[in-house]
Amino acid sequence: MTEALLSVAGLSVSYGGIPVLRDIAFDLAPGETLAILGLSGCGKSTLLRALLGLLPPSAHVEGTARTASGPVRLADRAALRQRLGREIGFVAQNPFDACAPLRRVRAHVEEAWRAHGLPPDAARIAGLCAQLGLDPATLDRHPHEWSGGMLQRANIAAAVALAPPVVLADEPTSAVDAETADAVMACLRAGAPGTVVVSHDLPLVQRIADRVLLIEDGRIAAVAARADLAADRLPPALRAFRQAGAVARPAAPGGEVVLAASGLAVARGGLRLIEGLDLALCRGEVIGIAGRSGTGKSTLLAVLAGALPPAAGVIRRSGALRPPQRGEVLSLFQDSLSSMNRRWPLSRIVAEPLTVAPRRVPGRARRDAAVGALAAFGLGHLDPGLRPEHLSFGQAQRVTLARASLAGPALVLADEPTSALDPRQKARALDGLARLAEAGAGIVLVSHDRALLDTFCHRTLLVGWSGQGPAPERSAPAAPCRPRA
């Protein structure tokens, strides 16, 4: 029998006596891709971090793991961290937090060698860039100059740089389009003989996984092999997981135009990314923006928000050629954690729109409104006094949506607002966006999830297609936009 690349037995994690994971055990065979699914908060990321020795000292960890160099107690964090890079590679969930903001991306990739006292291998870096569709020349830029999808691919390059036998990847494709996701997973599998992937994306898992573990309440609730996935022979728990994400499109739009663009061109770093975009968005309408990673989707939102100037063209908001008024435009950023003041509690972050006219309300009412908004997005269990560093990436996305629900904007520009959410929380988040649309907001929604856009949006624009600029696609019939007199 072939020896497993990674064997885990009796993995349990608790905080202050409260269990998070209970008696997790699995083997990873050579050449296998093992997917770990589960709803937000079930312990998926905790599982990976326990195997890497990256949990905080307050976590009580039990169990053992066996890697290429032998067994190790999972409570021995120092011994586990010594195996990082050479025996186990790691792709973090949030590509922005994984990179030091003041260092160039090249330094982040080269750290894989330097952490072990080795000189960086330029040929290996060039080969990884070719596999992942990255331009090696752009490695000398800083992280904020990259899109989230491009930065995630750089993190993958760092994870597989030393060709470890095992790579643990936490949502490695949440920031990239479906086509790039398959290429990213191919690179992960080529870079390591065994791969463990944490995900909430069941369609992706069905394409790439040899075996699936579903985690519920800290335990393994279901196991399925590739053949079962292909034949749709899912255990009841996995079938319920898939059905948890049903969403409905907002009602047909109508009313005044809140955003219009004519002949719009978008550029970044002197490079024209989008040319000749004509767009009209009505109150209550949701327009999707799709396209491969790095084609300018996030930059387009920044231009529409007035944060960046267009390279060409005209933008009108609420029928006027003017900068956006305070509170009129609300941006939901891809890096949701960076959009929060890290020193503020959640109650203050969520209630911030209620501190300025015309929506200003007294302090106690603001806190009550924040608590209600958090509960509406499935975060009612969180302490309103909690600070952002204690949030998961998915929780942070829902906090920004809760804040948006209190703002009452005319225009919402949402950049991947559901990329880190499981099916149930994604449905809840989209329901919140639908409520904003039904209250009169026009919404521009950027996402790599084409199924989501086709289901939820009234129209979808595909940018970066064949180098020809935006190509309009109608994903659903929408009522004509009738400007008011």
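The values are calculated or read from the model by the stated rules, or taken from the named source; none is laboratory data. Please read all numbers here as calculations on a predicted model, not as lab measurements. Virtual Cβ from ideal backbone geometry, glycine too; neighbours counted across all protein chains shown. The area values use the complete protein model at the heavy-atom level, side chains included, leaving out ligands, DNA and RNA. Shrake-Rupley method; radii C 1.70, N 1.55, O 1.52, S 1.80 Å.
Cβ separations smaller than 8 Å between residues 6+ apart or across chains give the following pairs from region 192-210 residues that are touching a residue at least 24 places away in the same chain (Cβ under 8 Å) and among the hydrophobic types (A, V, I, L, M, F, W, C) to residues that are open to solvent by 20 Å² or more (accessible area, probe 1.4 Å) and outside any helix (DSSP H, G or I): Ala192/Ala163; Ala192/Pro165; Val198/Gln93.
Filtered by the rule that a residue be over 24 Å from the mean Cα position of the chain (by Cα) and under 21 Å from Leu462 (Cα atoms), region 268-284 gives Leu271, Arg272, Glu275, Gly276, Leu277, Asp278, Leu279, Ala280, Leu281, Cys282, Gly284.
Of all residues in region 263-294, those satisfying the criterion of being closer than 21 Å to Thr138 by Cβ, in contact (Cβ under 8 Å) with a residue 60 or more places away in the chain and buried (at least 24 other Cβ atoms within 10 Å of the Cβ) are Ile274, Ser293, Gly294. The set of residues from region 245-258 being buried (at least 24 other Cβ atoms within 10 Å of the Cβ) and either under 24 Å from the mean Cα position of the chain (by Cα) or modelled with pLDDT of 90 or more (or both) comprises just one member, Val258.
From the set of residues in region 150-190 that are open to solvent by 10 Å² or more (accessible area, probe 1.4 Å) and closer than 16 Å to Ala126 by Cα, which is modelled with the lowest pLDDT? Only one residue tops the list, namely Ala190. Would you please name the residue that is nearest to the chain's Cα centre (by Cα), looking only at residues in region 192-207 that are among the aliphatic types (A, V, I, L, M) and under 22 Å from Lys426 (Cα atoms)? Among residues in region 192-207 that are among the aliphatic types (A, V, I, L, M) and under 22 Å from Lys426 (Cα atoms), the one nearest to the chain's Cα centre (by Cα) is Val198. Annotation: of all residues in region 32-70 being β-branched (Val, Ile, Thr) and open to solvent by less than 10 Å² (accessible area, probe 1.4 Å), the one that is farthest from Ala240 (Cα to Cα) is Thr33.
Given (1) in contact with a helix residue (DSSP H, G or I) (Cβ under 9 Å, 6 or more places away or on another chain); (2) part of a helix (DSSP H, G or I); (3) open to solvent by 30 Å² or more (accessible area, probe 1.4 Å), where does Arg359 come up short, assuming only one miss? Of everything listed in (1) in contact with a helix residue (DSSP H, G or I) (Cβ under 9 Å, 6 or more places away or on another chain); (2) part of a helix (DSSP H, G or I); (3) open to solvent by 30 Å² or more (accessible area, probe 1.4 Å), Arg359 misses just condition (2).
Do we find that Ser298 is at pLDDT below 85 and either under 20 Å from Leu413 (Cβ atoms) or more than 26 Å from the chain's Cα centre (by Cα) (or both) in this structure? Criteria not met by Ser298. Against the list (1) closer than 21 Å to Pro172 by Cα; (2) open to solvent by less than 50 Å² (accessible area, probe 1.4 Å), the condition Pro193 fails is (2).
Can you find, within region 71-118, the residue that is least open to solvent (accessible area, probe 1.4 Å) among those that are of a type in the set (Asp, Glu) and part of a loop (DSSP other than H, G, I, E, B)? Among residues in region 71-118 that are of a type in the set (Asp, Glu) and part of a loop (DSSP other than H, G, I, E, B), the one least open to solvent (accessible area, probe 1.4 Å) is Glu87. Restricting the search to helices (runs of 4 or more DSSP H) fully inside region 379-479 and requiring at least 1 residues that are among the aromatic types (Phe, Trp, Tyr) and at pLDDT 85 or above gives 450-456. The residues listed here are Asp232, Asp182; of these, the one that is of a type in the set (Asp, Glu) and either touching a strand residue (DSSP E or B) at 6+ places or on another chain (Cβ under 8 Å) or assigned to a loop (DSSP other than H, G, I, E, B) (or both) is Asp232.
For Ala312, state whether it is farther than 30 Å from Pro95 by Cα, without any contact (Cβ under 8 Å) to a residue 12 or more places away in the chain and more than 24 Å from the chain's Cα centre (by Cα). Criteria not met by Ala312. One residue stands out in region 371-409 among those that are more than 17 Å from Ala437 (Cα to Cα) and among the small types (Gly, Ala, Ser): the one that is surrounded by the most Cβ atoms within 10 Å (Cβ to Cβ), namely Gly394.
Might you check whether a residue that is of a type outside the set (Ser, Thr, Tyr) and closer than 14 Å to Leu37 by Cβ occurs anywhere in region 154-169? Yes, region 154-169 has at least one match. Of the listed requirements (1) more than 27 Å from the chain's Cα centre (by Cα); (2) touching a residue at least 40 places away in the same chain (Cβ under 8 Å), Ala92 misses just one: (1).
Assessment of region 326-339 against the conditions (under 27 Å from Leu279 (Cα atoms), without any contact (Cβ under 8 Å) to a residue 40 or more places away in the chain, open to solvent by 50 Å² or more (accessible area, probe 1.4 Å) and of a type outside the set (Val, Ile, Thr)) yields at least one matching residue.
Could you tell me how many of the residues in region 105-128 are within 25 Å of Ser419 (Cα to Cα) and charged (D, E, K, R)? Give the derivation first.
Here is the first cut: in region 105-128, the residues within 25 Å of Ser419 (Cα to Cα) are 105, 108-109, 128.
Within this subset, residues satisfying the condition of being charged (D, E, K, R) are none.
Number satisfying all stated conditions: 0.
Looking at this structure, is Asp449 within 19 Å of the chain's Cα centre (by Cα), over 22 Å from Leu308 (Cα atoms) and open to solvent by 10 Å² or more (accessible area, probe 1.4 Å)? Here the answer is yes, as Asp449 does meet what is asked. Contact annotation: no residue pair with Cβ atoms under 6 Å, 6 or more positions apart or on different chains, pairs a residue in region 365-377 that is closer than 16 Å to Thr355 by Cβ and without any contact (Cβ under 8 Å) to a residue 24 or more places away in the chain with a partner that is part of a helix (DSSP H, G or I) and open to solvent by 50 Å² or more (accessible area, probe 1.4 Å).
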